[in-house]
Amino acid sequence: MKNVPARRPLEASARRSSGRAKFVFYALLAIACLVVSRFFVVQVREGPMLAARGYEQRLTTVNLAAHRGSIFDRGGVTLVRSLPSQSVYATTGEIADARGEARTLQPILRDLTVRDLADSLRARMPYIQVDHKITREQSNAIAKLALPGISIVPETTGVRFDPSGRLASTVIGFTGFNENGLAGIEYAFDDLLRGTPGKMELEGDEFGRAIPFAQPHVVIAAKPGHSLVLTLDSYLQSETERVLRETVAKWHAASGNAIVMDPWTGEVLALANAPDYDVPRYDRYTADDRRDRAIEDAYEPGSVFKLITAAAALDSGKVTPEDRFPARDRLPIGGYTIFNAEDGFLAGSGSTENLEEIIAKSHNVGAAEVGMRIGARTMADALDRFGFGRPTEVGLPGESPGIVPPLATWSETTLPTIAFGQGISTTPMAIARAYAAIANGGLLMRPRIVSEILDGDGTVAYRYAPEIERRVMTAKTAAVLRGYLRAVVVRGTGNPTARVPGYTTAGKTGTAQIAENGHYSAGAYVASFVGLVPAEVPKYVILVKIERPHGAIYGGVVAAPAFAEIARLAMMRAGVLPAGPRLVRLDSVAKRRL
């Protein structure tokens, strides 16, 4: 019997090892084939589809805010414009010393306290907005600090910048967080100013931040808003505001407003209110501070309304300039008694006065007698022609129409009291418009605050033309009334306070008791003056109204001096030097010198 070689166990072991190696090899090969096939499917067959799906997941759509249009004065001076704005963000995980960084940031972000900043920097959110709409100076200062976790991110909306601060603040108004108009011109013309937003797609991370080097794609381009050119003259506006503030302060008054209007075009060259506010900090002021009293506050105008009674009387033919009325200081009617003001121009008794004397001396009794002579229907028709009881549509929001009682409700005392400006309410803008009709020969012009609308590139898209609403009196009547207004300044209640050396002025004083809760308040008055300059061919209508003055109540004392100063400044602005009895234009002087 042959012996089995001793090497067989070794050979068997080798064969088993070789089998295992082959198994592992083929298993790995199979796995590799599966991986390669999967790579093929993912990278080649489904690669474009998966890439597109991943891109869609990273894709963020961002609204592109349209650049809000600017607002200019009549000479092209910028009143308001939009600037790019930025926000401060914090990546909280990168901030080790929240309170320390808060102390460093607070002197720059002055509207926030150290505690508020520290709380934001300690927030559990990984990425948080610390402050928004900061100025360029603030963003530059923060960038220089290079604080860990603090970054500056551009905003999709800008920040409204008012170079002049308070100038015409009650007219221009303000915008909200997203540059949406909330008051004044900004609100009234918001649809035009804000433009049309666009859309942009970009790749972002889980927090919506743009991935570096990703290429944004603009889907819809933003269309910039229109710009507005106002009828305001910055110089006249500034000086009118200054004079008004000084007058309100001098008489410790509750408020005041003033209007400068071109009677031939209806353009509002200045519209001032006191108090007013600083537009960039509008939220720190009360709604009362921000109100445009010249159009929002209806009041009983008092004696300045006697010119409307005179216009109705003369134009109807029921009263002539030569007609005389009994001169007396009291008139009992309907259980009440109408008195003349105790301003030094009492009528006395036993004499008569004509319409000019009634106006010049501002006699309430005389005006009441004129009203009763012409009748309620004639007066009501005149009120309707002048547009009282309806907004003037000057182009500003919140305009009050005033209150004109319906003719059917008039009592025995309604007509005589309306005749001297009580028992009816209107706005300063409506009174200024009525006096503009006296100045220009009897045409009621629509007041305007906007002159032009500009496209995004600055070209004129629309220009507002002067708009004549209707004729409210004959040119002859208007000329007679201008004579009456001149008499007020020469020898009436406006003498000498409404005079301006070197220029001829005309106008009417007003002193009206304030009605509250159905009763007239003792000691509460509105003092006003509405005037023309120059008197012969008026270039400006100027209204000054002071509410609740202390120390004096009469329009000739409180408001007329302010009118005179504004009139002087307006004429100088127009290039007309005072030269005694005649007027010399500055451009004429320049030509002679050349």
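Brief remarks follow.
- The stretch between Leu28 and Val114, if pulled fully straight at 0.36 nm per residue, gains 24.7 nm over its current Cα-Cα span.
- Full extension of the segment from Ser351 to Ile333, taken as 0.36 nm per residue of separation minus the current Cα-Cα distance, would add 4.4 nm.
- Sequence-ordered 3J(HN,Hα) estimates for the range 90-106 from the Karplus curve with 6.51, -1.76 and 1.60 and θ = phi - 60° stand at 10, 8, 4, x, 9, 9, 8, 10, 5, 5, x, 5, 5, 4, 6, 7, 4 Hz, glycine and proline given as x.
- The eigenvalues of the Cα gyration tensor, multiplied by 5 and square-rooted, give the range 234-587 an equivalent ellipsoid with semi-axes of 31, 23, 21 Å from largest to smallest.
- The range 329-383 versus the range 223-248: alpha-carbon centroid distance in Å: 38
- Approximate spin-label separation Ala552-Ser411, in nm, with each point projected 7 Å along Cα-to-Cβ: 3.5
- Between the C-alpha center of the range 522-551 and that of the range 158-197 there is a gap of 30 Å.
- FRET efficiency for the Arg463 to Arg281 pair, using the beta carbon distance and R₀ = 25 Å, is estimated at 0.15.
- Once backbone amide H atoms are built at 1.01 Å from N, Glu267 has Asp262, Arg448 as its partners under 5 Å, excluding neighbours fewer than 5 places away on the same chain.
- The computed volume of the Cα convex hull per residue in Å³ for the structure shown corresponds, within (1) 199; (2) 149; (3) 275, to (3).
- Antiparallel %, DSSP beta bridges [both residues in the chain], to 5: 95
- Length-normalised contact order of the chain in % [C-alpha pairs under 8 Å, at least 6 apart]: 13
- Sorted ascending by nearby beta carbons within 10 Å, beginning with the fewest, Glu267, Glu296 become Glu296, Glu267.
- Computed [θ] at 222 nm, deg cm²/dmol, the chain (DSSP H ≥ 4; -39,500 (n - 2.57); rounded to nearest 500): -10500 deg cm²/dmol
- Least to most buried among Asp384, Asp162 (fewest other Cβ within 10 Å first): Asp384, Asp162
- Look at His363, His132 and count the other Cβ atoms within 10 Å of each Cβ; fewest to most, that gives His132, His363.
- The HN-Hα couplings worked out from phi for the range 366-373 by the Karplus form 6.51 cos²θ - 1.76 cosθ + 1.60 (θ = phi - 60°) are x, 4, 5, 5, 4, x, 5, 5 Hz, whole numbers, x standing for Gly and Pro.
- Karplus-derived 3J(HN,Hα) values for the range 315-321, using 6.51 cos²θ - 1.76 cosθ + 1.60 with θ = phi - 60°, are 5, 6, x, 7, 9, 10, x Hz; glycine and proline are entered as x.
- Cα gyration tensor of the range 301-366 - equivalent ellipsoid semi-axes, whole Å, descending: 19, 14, 12
- Protection proxy ranking of 90-100, 487-497 - average other beta-carbon atoms within 10 Å, highest first: 487-497, 90-100
A short reminder: the numbers here are calculations on the coordinates, not readings from a lab. Note that this is a predicted model, so its numbers are computed, not measured. Virtual Cβ from ideal backbone geometry, glycine too; neighbours counted across all protein chains shown.
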